[in-house]
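Notes follow the structure.
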Amino acid sequence: MRLPRRDGETIDRDDRRTFTFDGKEVQAYAGDTIGSALYANGQRIFTRSFKYHRPRGLSCAAGNCAGCLMEVDGEPSVKACTRTVQGGEVVRSQTISGSLERDPMRVVDHVAGPVTPVGFYYRLGIRPKAAWPHIERMLRRMTGLGRVGEAPPKPHRADVEHRTAGVLVIGAGRSGQEAAARYAAEGRQVILVDERAEYASLAIDGVEVIAPGTALGVYEGRLVPVHADGLMHRIRAEKIVVATGSIDQPLLFEGNDLPGVMTPSAVRRLVGLWSIRPGTRAVVLAADEAGDEAARLLREAGTQVVETIDLRGVRPPKVKAAARHGLLAAVEIDGRKIDCDLLVASAGRQPAYSLLAQSGCSVRFDAEKGIFAPDQLVDGVEAAGSVTGEGAAVLAAAEGAGKRTFVCPCEDVTAKDLVRAVGEGFEDIEIAKRYTTVTMGPCQGRLCHLHSVRALARATGVGEAALGTTTARPPWQPTPLGDVGGRKLNPGKRTALHDANRRAGAQYVWTGVWRRPDHYGDAAAEIKAVHEGVGLMDVSTLGKLYVSGPDAEAFLDGVFPNRISTLKVDRVRYGIFNTDSGRIIDDGTIIRVGERDFLVTTSSGGVDQVYEAFLLWVAERKLAVDVVNVSGALSAVSLSGPKAREVLSRVTDVDVANEAFKFLDVRQGAVAGASALLMRIGFLGELGYEIHFPSTAAEHVWEALMKAGAEFGILPLGVEALKALRLEKGHIIVGIDTDSETTMLECGMGPMIAWDKGEFVGNEALGRMNERGADRALVGFTADDLPNEGTAVLVGGEVGGRVTSARRSAVSGQVIGLAYVPAAIGSEGSAFELDLGEGRRGGAKVHIGAFYDPDGERMRG
Amino acid sequence: MKDLLRPGRMWRTGLPLKKRYDVVIIGGGVQGLATAYYLAKNHGITDVAVLEKSYIGSGGSGRNTAIVRSNYRTPEGASFYQASLDLYDDLSAELDFNIMLTKRGVLSLAHSERALATATERASVNQKLGIDSRVIGLDEVRRRVPALNTSRDVTWPILGALIHPGGAILRHDAVVWGYARGADRRGVEIHPFTEVTGLDTSGDRVTKIRTPRGDIEAGTVLSATAGWSSGICKMVGLRLPMKTYVLQAFVTEPIRPLLVETVVSTQMRLYVHQTTRGELVAGAEAEPYPTYQGRSTLTFIESISRYLVELFPAIRDVSILRTWSGLCDVTPDYSPIIDRTPLANFIVSAGWGTYGFKAAPIVGVTLSKLIATNQVDPLIKPFGLHRFTDDRFISEAASAAMSH
């Protein structure tokens, strides 16, 4: 039923829409909300309450309360009163068992009220202990609002836009519009945001309007996320104008939560926007001019206004609402009973200051007006209109706290509950909030915060000003996870050879932020190729830091535990980076390309940490050193296997003869025509070259090497081959074989340390540990059964360490691995056990040194 | 039932502050209150004042996400937290206040071979100590948590998980209130809104505790101030090896039962569980930079939301209700500091990172013993200050990275 066409209505009577509610078809117009259409169709009970399953209905019609939460197209807890009808929605009621009108759980309201006071659950189910898990399961089944996972989630676009604004105005009421127009006239770039759909067509010169759109919070640096239909505008604003207005506060009386009790703004919206007659017989109780306006609108709409009481300046009457079949049927005012189906009630208006408080502004209690209002604003944030407290005031609640006087309808917290909490010793607002859960429901405290503070103030005798407010926390409106999270993005790094790898059949794996080829179809073949022919691996992920300057040598000597000053030009050396407490951060190589120039490589995941530490150490020591991160600029490949020399010789002008380019030598030259830095190292245990070159030439160099190696059966190598091959050599991988406490001493790298060179990073801690001796050792081992990595090492039946790496050797067929063991058994041949799970144990023996080619003849030859 | 209908007062309020106490505990969080409770109960020491600068439980105790577990990586850590879990298990009866502990289990997802190795290691260490903790395959993960997206078509496919059936969630505030009531009934004085503004020392003793309500003397002073420990210790010239970080969490609207276990993903740096009321509570690891600034950040909820929806597609439309943040004090090895100090009558419990709440009952028992008898319980011995000078760290970094 609609009123005759009215000026200003937002519905389009020529555009009919339908949706279903609990299976029944509902007629609506474009411009309706789910809530307005249901109300127009006579629906009065919209949902049931969280704790007592009391019937609840439209009470604010403005998205400020939880009286109309429904499931819309599978989305739980939608505020039906503000969700615009598109047509075709499947709407279901929630928080009910049975039906909206006949919910068997409503028995809780009738019988359990006296035994379910605030905090009752803290006193129930303690003994016998065995009963509690069953009670808890039962409680779980009884609680919760919306359902999830029953309907397939609707296809939904969620995205993020990063925006800036000269001035962001939040709230498109009169003050907001004025502020927006004023700043636009000054030539500022203005964005105006309002969560109400009726502002969608608002147009102001020079102002971008986002409506409906909700400003969810104000974050550091005036960052405001605005949620508008799946799109998150992340707006950085030079200036923010908060014009969020004020919110009708409910009047506290017995039965104030009944469907049929409404705020004046609900009347204004029902009549003004949607041309709906809110009721047939109404009583109006209000503490500001909104009451008169509501009464006028009601009369226009044909509602019989039986009585209007202006509560200002009169003794607050004793009010009690009575229900029939769950709906308001009459109201008793000071004992006088008036039949009515609509009670418009308001205690006044409280500024909606939450966003201001989030921005850092202070809030004070204005005792004269009875409201909390913003006090000291912060730079760059302004307040306009009634959010400042101008024109707002709220009546104190009448004496007498009834057991059905709801201070917090979302959580079913009554005035009596609050008095009781205070009586128990919960006197502060924050602790009382946690005990009673007042303000913690979906309304975000809009309707209950002020009343709860005032109720506590009265019960404790401490003033509201001293009690203060609870912290205003984002988000201002409950917002779906999917919309907050935005589009699924997997930021990852790819090397310049990513596409070449993919063409070669790479199966990718995440290694830290990198996507790297795990293998190209057959890891075993790749391992075999390195031992018998040749393999090519993309190692562009290695970190590369160019270190140069007069103090470069001294700097590196002060960073690394080994001696760098003896490193000759055109030579490369292995190095470990430690923390000040002597723990391993990362490992890599130091390449001396000139007297004052070095290239330092780090592991794939370690470069950011090492780069940061380098910059800090350079700054702390005031050294003349430049550190440039060239990781992205240079790509690198590792060419390994007995045929590596022959392959390389076909594409380079560098003399690769063994005597001319020895193990750990560095050369500069051309590879496939690209200028390159070549070094001979042997991480994989065979003759090997690591070649660095500009990333722009990456694919060209890769293809040239693959082509040159074709006749030797060259294969691309993935991470799995790398892990297996280096294990044969007993080489550690930082992060796999080390943890946050691993030291060089435990890894048998003590001899690398140049103790006599003076201070270096971690020297003090390492020195102390060296004197004492390490407690544990990272050693190689052979075993009968292949253990999972992480398997516990058992010594004398006790946990004495763990396996960090294990594989079946492609060369010997034996199980080989690395493990932490107690230092006492860290010598060749010591036996220990592995905890294989389910009570099974396996034998293992310590192996010191490489498993494969222990003398390194193959990589030196 | 009588108690249910007429609960009576939880604790006395508005007590005057005396000039001297046998023991003064700085910090009215769960650890301070638990210590006060066990001082009175186990050792008969009741001349105790707990000084709290805000309301009780206002710091980490009321901001943590109420998960208790013992599946730690080191034997020292695992035994210690198991002792705490055992106390928690009987705490509702002990305090005659239902802390609503429910052993729904903690499931730590492994998205990589490396994570499986860490899970295997933790399971081995745990099982040796009699703690129920084991690695399960993808099939069992699917069976236990049907809502989880276990397909390969995600950023980080799930390979398996560490399941810890003894891990539980509970109502954190109830623990604070239960201990406070128990301590109060035994004569301990709780003074909320009483900030310690200074500590005077003379020789090797703390001689005076300064508060806006007057100065106090004490036989023994305990600092149990978590994120604020650096500040309190600075008052006596003591510098602890730790930094303070901000940690964030959020809660959604209540939904019908979806999750039983707490689900942790170190890879995604998040964890989530569903409370008895039906809310999903999710948190992340600490922010990467030290700060005392307690504001929530947008980046945090964005990234956690995105990953949560990827893990549980069905909760896409569930709304976030509230976000909050708290401070946590982190040591170099992610293990706590519970020890006497160079000041003879000053004891600290600090550096708890994200574990302070889980440890509260056992901290209360062992610290009250230390205060009353000067004996260091073997359970807390590894967590002394000496380990930083001896370079003997108790590395919980691997299980700390995220697993709250």
If you roll a 1.4 Å probe over the heavy atoms of the protein chains, what accessible area per residue do you get for the protein assembly as shown, in Å²? 37
Using the C-alpha atoms of segment A:543-629, what convex hull volume per residue, in cubic angstrom, is computed? 77
Whole-Å semi-axes of the ellipsoid equivalent to the protein assembly as shown (Cα gyration tensor, √5λ, descending): 60, 38, 28
Amide hydrogen neighbours beyond the local backbone of A:Tyr29, cut-off 5 Å, H modeled: A:Arg17
Tell me the carbon and sulfur percent of the accessible area for segment B:1-140, rounded to whole percent, probe radius 1.4 Å. 51
Using a Gaussian network model of chain B with C-alpha springs under 10 Å, which one of B:Thr74, B:Thr297, B:Thr323 is most mobile by mean-square fluctuation? B:Thr297
By how many degrees, 0 to 90 and rounded to 10, does the Cα axis of helix B:75-89 deviate from the longest principal axis of chain B? 80
Which of the GluC sites (Glu not before Pro) found in segment A:721-804 are loop residues per DSSP with 10 or fewer other Cβ atoms within 10 Å of their Cβ? A:Glu759
Can you give me the C-alpha center-to-center distance between segment A:23-95 and segment A:688-711, rounded to a whole angstrom? 65
Taking both sides together, what accessible area is buried at the A/B interface, probe 1.4 Å, expressed in Å² and rounded to the nearest 100? 8200
For A:Lys568, the aspartates and glutamates lying under 18 Å Cα to Cα, once residues fewer than eight places off in the same chain are dropped, come out as A:Asp551, A:Glu553, A:Asp557, A:Glu595, A:Asp597, A:Glu659, A:Asp665
Residue by residue through segment B:236-242, which ³J(HN,Hα) values in whole Hz follow from phi under the Karplus form 6.51 cos²θ - 1.76 cosθ + 1.60 (θ = phi - 60°), with glycine and proline marked x? 10, x, 9, 10, 8, x, 7
From the protein chains alone at 1.4 Å, what is the descending order of accessible area for A:Arg502, A:Arg420, largest first? A:Arg502, A:Arg420
Could you state how much accessible area A:Trp510 has, in square angstrom rounded to the nearest 10, with a 1.4 Å probe and all protein chains kept in place? 50
From Cα pairs below 8 angstrom and at least 6 apart in sequence, can you work out the relative contact order of segment A:338-456, rounded to a whole percent? 20
If amide H atoms are built 1.01 Å from N in the plane of the peptide, which residues on other chains or at least 5 residues away come under 5 Å of the amide H of A:Leu145? B:Ile255, B:Arg256
For segment B:301-403, the accessible surface attributable to carbon and sulfur atoms (probe 1.4 angstrom, ligands and nucleic acids excluded) amounts in percent to 57
Averaged over the residues of A:73-85, the number of partner chain Cβ atoms within 10 Å of each residue's own Cβ comes to 2
Accessible surface, 1.4 Å probe, highest first, among residues B:Arg143, A:Arg841: B:Arg143, A:Arg841
Positive end of the charge dipole of segment A:715-861 (Lys, Arg +1 and Asp, Glu -1 on Cβ, about the Cα centre): tell me which of A:Thr743, A:Ser830, A:Val815 has its Cα farthest that way. A:Val815
Karplus couplings for segment A:501-510 from phi (6.51 cos²θ - 1.76 cosθ + 1.60, θ = phi - 60°), rounded to Hz, Gly and Pro as x? 5, 5, 4, 7, x, 5, 9, 8, 9, 6
Once you keep just the Cα pairs under 8 angstrom separated by 6 or more residues, what percentage relative contact order results for segment A:251-346? 39
Just reorder A:Met749, A:Met142 by solvent-accessible area, largest first, 1.4 Å probe, all chains present. A:Met142, A:Met749
Report the residue, chosen from B:Gly356, B:Gly283, B:Gly231, that carries the largest GNM mean-square fluctuation when chain B is represented by alpha-carbon nodes joined by springs under 10 Å. B:Gly231
Please give me, ordered by residue number, the GluC sites (Glu not before Pro) of segment A:209-289 that lie in loop per DSSP and have at most 12 other Cβ atoms within 10 Å. A:Glu220
At 1.4 Å probe size, what's the solvent-accessible area of B:Lys103? Round to the nearest 10 Å². 110
At least 40 Å² of accessible area lost relative to the chain alone, listed for segment A:779-798 with a 1.4 Å probe: A:Glu789, A:Gly790
Are any of the pairs A:Lys318/A:Lys433; B:Lys18/B:Lys103; B:Lys53/B:Lys128 more than 32 Å apart by Cα-Cα distance, and if so, which? B:Lys18/B:Lys103; B:Lys53/B:Lys128
Using Cα-Cα distances under 8 Å and only pairs 6 or more residues apart, what relative contact order does segment B:231-386 have, in percent? 23
Tell me the accessible surface of B:Met100 in square angstrom (1.4 angstrom probe, heavy atoms of protein chains only), to the nearest ten. 20
For segment A:641-670 the trypsin sites (Lys or Arg not before Pro) that pass both the DSSP coil test and the at-most-12 other-Cβ-within-10 Å test are A:Lys662
What is the distance in Å between the Cα centroid of segment B:276-331 and that of segment A:265-295? 41
Report, in deg cm²/dmol and to the nearest 500, the calculated mean residue ellipticity at 222 nm for chain B, where each DSSP H run with n ≥ 4 adds -39500 (n - 2.57) and the sum is divided by the residue count. -9000 deg cm²/dmol
On the accessible surface of chain A, probed at 1.4 Å, how many percent belong to carbon and sulfur atoms? 50
Residues of type lysines that A:Lys493 reaches as a straight line, Cα spacing below 21 Å, ignoring anything fewer than 8 places off in the same chain: A:Lys544, A:Lys723
How big is segment A:399-471 on each of its three principal axes, counting only the C-alpha atoms and giving the largest first in Å? 28, 27, 19
For peptide B:270-280, how many partner chain Cβ atoms fall within 10 Å of a residue's Cβ, on average? 4
Charges only on Cβ, +1 for Lys and Arg, -1 for Asp and Glu: so what's the dipole of segment A:399-471 about the Cα centre, in debye to the nearest 20? 200
How far is helix A:698-709 tilted, in degrees, relative to the longest principal axis of the Cα atoms in chain A, given as a value from 0 to 90 rounded to the nearest 10? 40
For helix A:449-460, report the angle its Cα long axis makes with the longest principal axis of the Cα atoms of chain A; keep it between 0 and 90° and round to the nearest 10°. 80
Could you run the Karplus curve 6.51 cos²θ - 1.76 cosθ + 1.60 with θ = phi - 60° over segment A:378-387 and give me ³J(HN,Hα) per residue in whole Hz, x for Gly and Pro? 9, 4, x, 10, 10, 10, 9, x, 6, 5
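The values are calculated or read from the model by the stated rules, or taken from the named source; none is laboratory data. The model shown is predicted, which means the values in this text are computed figures rather than measured ones. Every residue, glycine among them, receives a Cβ derived from its backbone with ideal geometry; neighbour counts consider all protein chains shown. Please note that ligands, DNA and RNA were not included when accessible areas were found on the heavy atoms of the full protein model with its side chains. Shrake-Rupley method; radii C 1.70, N 1.55, O 1.52, S 1.80 Å.
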